[in-house]
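Visitor: Got a structure for you, written out below as structure tokens; questions coming shortly.
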Amino acid sequence: MNPNFEEIGKEFVKQYYLQFDNIVTRPNVVNFYNAETSLMTFEGKQLQGAPAIMDKFSSLGFKNISRMITAVDPQPMFDGGIVISVIGRLQCDEDPPHAFSQVFVLKPLNATFVLQHDIFRLGIHDTA
């Protein structure tokens, strides 16, 4: 297990959202994902590979996003990877703020990590 899992996990989250939340640097998020093997579930929709993930991000239609992180909980994995749970609130453009949760799984690759799994869900409850 990676003894630096907490520091690595928290720094990854900081860097990921720093890139994603800025419309100018958002395309750079592609560098976190593997072109073929990264998997993402975005609001229940399954995506595979960096191109498909970035296509989804491009289709979202918002320009500005502000985010307040409530908690970042990294945990080491036996293969040297790190699983990270994030909860918080986000607001896109002039939409009302919404709670969200996101789970990242970082897998070791040479001297760095690749974002192997990413699960994102808004905290919107259908009460109807």
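Visitor: Check the straight Cα-Cα distances from Lys45 and name the aspartates and glutamates below 14 Å, setting aside those fewer than 8 residues away within the same chain.
Guide: List returned: Asp55, Asp118.
Visitor: If you don't mind, there's one more thing I want to ask. Could you name the lysines whose alpha carbon sits less than 21 Å from that of Lys63, not counting residues in the same chain fewer than 8 places away?
Guide: Candidates past the 8-residue exclusion: Lys14.
Visitor: To continue, here is another question. By how many degrees, 0 to 90 and rounded to 10, does the Cα axis of helix 50-59 deviate from the longest principal axis of the chain?
Guide: Taking Cα atoms only, the helix is inclined about 20 degrees.
Visitor: For the chain, take the longest principal axis of its alpha carbons; what is the angle in degrees between that and the long axis of helix 5-20, to the nearest 10 within 0 to 90?
Guide: That works out to roughly 40 degrees.
Visitor: Let me check against my output: what whole-number percent is the relative contact order of the stretch 50-126, with C-alpha pairs under 8 Å and at least 6 apart? Don't jump to the answer; show the numbers that get you there.
Guide: Values: 131 pairs, mean separation 17.0, N = 77.
With pairs under 8 Å counted, the relative contact order is 22 percent.
Visitor: For Lys10, which lysines qualify as cross-link partners when the Cα separation must be under 22 Å and same-chain residues fewer than eight apart are set aside?
Guide: Counting by Cα, and skipping residues close in sequence, Lys10 has these lysines nearby: Lys107.
Visitor: Follow-up. State the percentage of accessible surface on the stretch 27-128 attributable to carbon and sulfur atoms; use a 1.4 Å probe and exclude ligands, DNA and RNA.
Guide: With neighbouring chains kept in place, the figure for the stretch 27-128 is 54 percent.
Visitor: Here's a follow-up. Per the helix-only calculation at 222 nm, which mean residue ellipticity applies to the chain, given -39500 (n - 2.57) for every DSSP H run of n ≥ 4 and division by its residues, nearest 500 deg cm²/dmol?
Guide: Estimated from H runs of four or more residues: -6500 deg cm²/dmol.
Visitor: Looking at the square roots a ≥ b ≥ c of the eigenvalues of the Cα gyration tensor of the stretch 1-102, which shape do they give, rounded for a/c under 1.5, prolate if a/b is larger than b/c, or oblate?
Guide: Details: a/c = 1.86, a/b = 1.29, b/c = 1.44.
Note, shape of the stretch 1-102 comes out oblate.
Visitor: Here is a further query. If Val30, Val86 are ordered by their accessible area, calculated over protein heavy atoms with a 1.4 Å probe, which sequence runs from highest to lowest?
Guide: Val30, Val86
Visitor: Net charge around Gly88, counting only other residues with Cβ within less than 13 Å of its Cβ (Lys, Arg = +1; Asp, Glu = -1)?
Guide: +2
Visitor: Now, a different point. Given R₀ = 22 Å, FRET efficiency for Phe57-Met77 by Cβ-Cβ distance, to 0.05?
Guide: So, using R0 = 22 Å, E works out to roughly 0.30.
Visitor: Tell me, how many Å apart are the Cα centres for the stretch 85-121 and for the stretch 7-83?
Guide: 5
Visitor: Determine the per residue accessible area of the chain with all protein chains present and a 1.4 angstrom probe, expressed in square angstrom.
Guide: For the chain, the per-residue accessible area is 60 Å².
Visitor: To continue, here is another question. Looking at the chain only, what percent of DSSP beta bridges run antiparallel? Nearest 5 please.
Guide: 85
The values are calculated or read from the model by the stated rules, or taken from the named source; none is laboratory data. In this text, all values refer to a predicted model and were calculated from it rather than measured experimentally. Glycine also receives a Cβ, built like all others from the backbone with ideal geometry; neighbour counts cover every protein chain displayed. Just the protein is used for accessible areas: all its heavy atoms, side chains included, with ligands, DNA and RNA removed. Shrake-Rupley method; radii C 1.70, N 1.55, O 1.52, S 1.80 Å.
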